[in-house]
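Worksheet: the structure to be examined is printed underneath.
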Amino acid sequence: MRDQQPQQTPDEQLDHISQTVRAELKARFDNIEAQGRATLSPSEAEKQLQDLKDLRTKSLGKKSEFANLKKSIGRLPAEGRADFGQRIQQTEGVLVQGFDDEEDYRKRLIETSRSERESIDVTMPGRRPRPGHLHPVTLMRERIEDIFVSLGYAVEDDREIETDFYNFDALNISEGHPARDPQDTFYTTDGFALRSQTSTVQIHAMQRRGAPVRMIAPGRVFRRDTPDPTHNPMFFQVEGLCVDRGITMAHLKGTLAEFVHRLFGPETRTRFRPSYFPFTEPSAEVDYSCFNCGGSGCRICKGSGWIELGGSGMVHPNVLRAANVNPEEFTGFAFGLGIDRTCARIYQLDDIRLLFENDVRFLEQFR
Amino acid sequence: MLISYNWQRELTATKLDPQEVRERLTNVGLAVDAVEERDGDHVLDVEVPSNRGDCLSHIGIARELAVIEKSTVHSPKPKVENPEGKISDLARVEIRDPDLCPRYAARVIRGVKIAPSPEWLVKLLEVLGQRPINNVADITNYVLHEFGQPLHAFDLAKLGESRIVIRRAAKGETIKTLDGVERKLEREMLVIADATRPVAVAGVMGGEESEISSTTQDVLIESAYFNPASVRRTAKLLGLHTEASHRFERGVDPEGVLRAQERCVALICEIAGGVATADVLDVYPAALPAKSVELRPERVEAITGLQVPRAEVLRILTALGFEVREDNPARLIFTIPSWRHDVAIEEDLVEEVARHTGYDQIKTALPPASLAGEYHSSERRKRALRQAMSGRGFDEAISLSFTELTEDFDLIAEFAGRGRESAVTLTNPIIEESSRMRQTLLPGLLNSIRHNLNHGVRDVCLFETGRVFVVSEPGQLPLEREAFALAATGGAMAADRAQAERELDFFDLKGAIESAVAAMNLPPLDFKIAAVKHLRPGQSAAISIEGARVGSIGCLTESLAGAYKFRQPIFVAEVDLTALLEIKELPALYSPLPRFPAIVRDVSLLLDRKVTVAELLAFTLNLKIENLVATRFVGSYEGEGIPEGKRSVTLRLEYRASDRTLRDEEVDRMHIAVVSALKIEFMAEIR
């Protein structure tokens, strides 16, 4: 403890302490200002922080003159004691604020510097395994299934190797019809056929469920086509069937129109052209307006504005009978569309053989 | 089929321009692929459906156009001028196989002068893409395009004994057809023969020897109706597809045989001169009966939703040639025209009415909601499987279902023990070496891996789901099962990084298949070391679930890898997906959360490297120590500091009581007991 000037009043003492501390703080501040704040290095700032801390202890700490002065308040005459108390508190506030400011400034500087040192390149790739990809045929099949399930259809499946009954007879494909020719349909040595259309599932489904029935059957089918850019001897189809009382071609048109709206967008139009299939009567070929040009004609639709979706029609009464459904009571429509072909159109594949080569560089392009 | 617009205009006086004709024909089911301007005419390329043989002619198309335009067809009314003589004095016709040739008509013209055709005919045939030959041949072709009836002209002098015999070919017979090719005939083929030898393949092509030549004087004109299936078979067997066979296969008009012949003969007399016989040798042993079909008018709306007035129904059908046989309020009965082989039932008439009313007139409506949609019962789990696999970096493959015969692979358990003869074999493969239906998905995946490696992609992870097949009992359909297979090779690739951090190994593939099974919410798979034909010994395992074997996993053998020219290890697995899908999903059941903390202790055991982790885990579980709640695998180490034939396995044991916090001394006591049991059981040292 230093000697005090006994003649000084407490007010004078307070002024003196306050001036001294401020002068010391200012000296340090001026020092920084002189050098330019920007040049203060983090290690220098650390040193100054320690220095500030020491100075704070010395000036305001328990053993400081200031602390003594505070303790002396109790000994002052009652009159004026409160005023002095207030003054001393005020002075203390100002001085503490001065220390805080100087310290904060240096702390911020140190923190900024550390953040910079520890900063990362956020553009480097995230850590994750390479994602795998579903096959485009699967992606398309899932989209089609989702649409029809939401329209109240059940998804069905059945055998890929079939008897003549399911592959031909029940579908009203007569003996001697060209489709039965070994030129077009694969046969096993036991005389069974690789199903040449998923329409086979119509019969199974009607036998299992009876009428009314609404179902789609996506699946593999086989035809003896020599592989070329637009043919594979194996491909994927979706068969659709809706049998109920009072079903008409208007329902067929409405259902497929709704389907293409959901698959290609609400602006898509459909066109139905009379056609011929043994298992439907009347039959219709279904086209939809080109998703690329909207119908004005482009490379994808070969200038016609229309793209073929598939075949359709009202289920032939012989087909209903083959599945024990009474054609006088029930009518129905059926349709079949190519999944691979739709893929080929949408993704603009120029060679559908790519679908079954499983080239990773090809598969990676779909999601 | 090519159609001349100008000719259509002559036949129907159409008011439509070629583009309008194109559109309107397309709308009634005769799609016109293209319209091309050619030599002052427009040629329409019409795609005629296979059941509409009657439209393979200008008159046939004109009939449709007339219905569209509510006009009439001005078809020619041929009449031969100044005929003379009886044909029976000049030729004889005999049908030996009336099942294959229901009708055959012959007529002779004497004294024709073979010459080039007049200019109008040459031009017309050229517009239709046909090369002109001589006046007689060109006229037969002209009538073919006009009526759709193929005709043939023989040089009468070249027919032995002036006889026509329609019969099946005899064994060993041959004929040199008009295209100059010597053809072997078979017993099932129908031929036109003279007294001794075939002179034409019936309905397909004539023979060279009886062909019309510049010296021909008398011609015999054939007009016939041949059995469509027979002509199709013959044409296919000979690989000979002609304008004639195309029409006979689809069925010509048996009642139009004479009219077309009359037209042809009249034109020949007019253009090439000569005198026709006054009569025709028309052999038609059993006239094909006219069929009729009923239409209940309300069925049109019931099937199509179209409301067509009765008068319009009648107009359309009669204009198409259907004759009303009975007309009462409840039903109409029509006689089917002889050229419409495609019409047999009520729905066929409904289609006629609908297509001529216009499919575009049919409203669109969704069927009233009645049934709930549902996915296939296995689809939810299959989607989970696919998502899990793609999440693990596997790309989905789809391979052809046909493969070459291979015995290099062990099959899924359901097919196990079946040999080479169990493969389903195709009688008529399209790719010669791929004549079997696949019994395993693995060769397909390995081919795909090879394809990728050959294209410079060395890090490949593929999976596939699909059917596999084996033969069943004789006469029974083959067995079909769904399989799930994986193949992986190269590095463990991370997204957006050029280089893998490490190479894939067995445990990557095992992890992938375990993820798939977990995603399907099935009990865990069990792996046991096992010998598998296509897998490297020591790195191959049998996969089981709930005690039943379902597949295998491991590293491809050196010899198979060599056969595929792989120079890096390939890991493959295949399981019976059908079997997995038959297993009940694990129900999720809540068990109360532990209230007291667990205390864990690790132990590292040095033991024989043949001791498996599964054995260690099972052993501690079987000790049945009440408060040992779990034993988990931490790691395995062999290499530096570990003696040959040994390895170090570290396990973490977790102790917990359900009613209090265990004290260290209690845990120590239990742990020492577990560790000494492990030591004794597995002759292990503690590291």
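Report, in degrees rounded to the nearest 10, the 0 to 90 angle that the Cα long axis of helix B:18-27 makes with the longest principal axis of chain B.
With rounding to tens, the tilt is 60 degrees.
May I ask for the Kirkwood hydrodynamic radius of the range A:136-363, worked out over all distinct Cα pairs and given in angstroms to one decimal?
Averaging 1/r across every pair of different Cα atoms and inverting gives 18.1 Å.
Tilt of helix B:664-682 relative to the longest C-alpha principal axis of chain B, in degrees (0 to 90, nearest 10)?
Tilt of helix B:664-682: around 60 degrees.
Suppose a student asked you for the relative contact order of the range B:87-283, using Cα pairs under 8 Å spaced at least 6 residues apart; what percent would you report?
Taking the mean separation of contacting Cα pairs over the length of the range B:87-283, I get 33 percent.
On average, how many beta carbons from a partner chain sit within 10 Å of the beta carbon of a residue in A:268-275?
6
What does the net charge come to around B:Glu209 if you take all other residues with beta carbon closer than 11 Å to its beta carbon, with K and R at +1 and D and E at -1?
-1
Could you work out the relative contact order of the range A:202-332, using alpha carbon pairs under 8 angstrom and six or more residues apart, expressed as a whole percent?
Taking the mean separation of contacting Cα pairs over the length of the range A:202-332, I get 24 percent.
Could you work out the helix-only [θ] at 222 nm for chain A, with each DSSP H run of four or more residues adding -39,500 (n - 2.57) and the total divided by the number of residues, to the nearest 500 deg cm²/dmol?
That comes out to -13500 deg cm²/dmol.
Take the range B:379-582, drop everything but the C-alpha atoms, weight them equally and run the Debye formula without solvent; then report log10 I(q)/I(0) at 0.08, 0.09 Å⁻¹ to two decimals.
Log-scaled intensity ratios, in q order: -0.26, -0.33.
Would you kindly enumerate the cysteines in chain A that have no other Cys beta-carbon under 4.7 Å from their beta-carbon?
Isolated Cys, chain A: A:Cys242, A:Cys343.
Can you give the helix-only mean residue ellipticity at 222 nm for chain B, where every DSSP H stretch with n ≥ 4 adds -39500 (n - 2.57) and the sum goes over all residues, rounded to the nearest 500 deg cm²/dmol?
-8500 deg cm²/dmol
Which of the helices in chain A, when you take each full DSSP H run, stretch at least 20 Å along the axis at their Cα atoms and have an average Kyte-Doolittle score of -0.5 or higher?
TM-like helix candidates: A:136-150, A:249-264.
Only Cα pairs under 8 Å and at least 6 apart count here; give the relative contact order of chain B as a rounded whole percent.
In percent, rounded to a whole number, it is 9.
Using Cβ counts within 10 Å as a stand-in for footprinting exposure, how do B:Trp120, A:Trp306, B:Trp339 rank, fewest first?
With the sparsest Cβ surroundings first, the list reads B:Trp120, A:Trp306, B:Trp339.
By the scheme Lys and Arg +1, Asp and Glu -1, what is the net charge of all other residues having a beta-carbon under 12 Å from that of B:Ala229?
Here the count lands on 0.
Mind checking the angle between helix B:310-319 and chain B's longest principal axis? C-alpha axes, 0 to 90 degrees, to the nearest 10.
With both axes taken from Cα atoms, the answer is about 70 degrees.
Can you quote the Å³ per residue value for the convex hull of the Cα atoms in the protein assembly as shown, rounded to an integer?
Spelled out: Cα convex hull of the protein assembly as shown, divided by residues, is 322 Å³.
Take the alpha carbon atoms of the range A:192-224, find their center, do the same for the range B:557-595, and report the distance between the two centers in whole angstrom.
31 Å
Just so you know, all these numbers are worked out from the coordinates, no wet-lab data involved. All values reported here derive from a predicted model rather than from experimental measurement. Note that we place each Cβ from the backbone using ideal geometry, even for glycine, and neighbour counts take in every protein chain shown.
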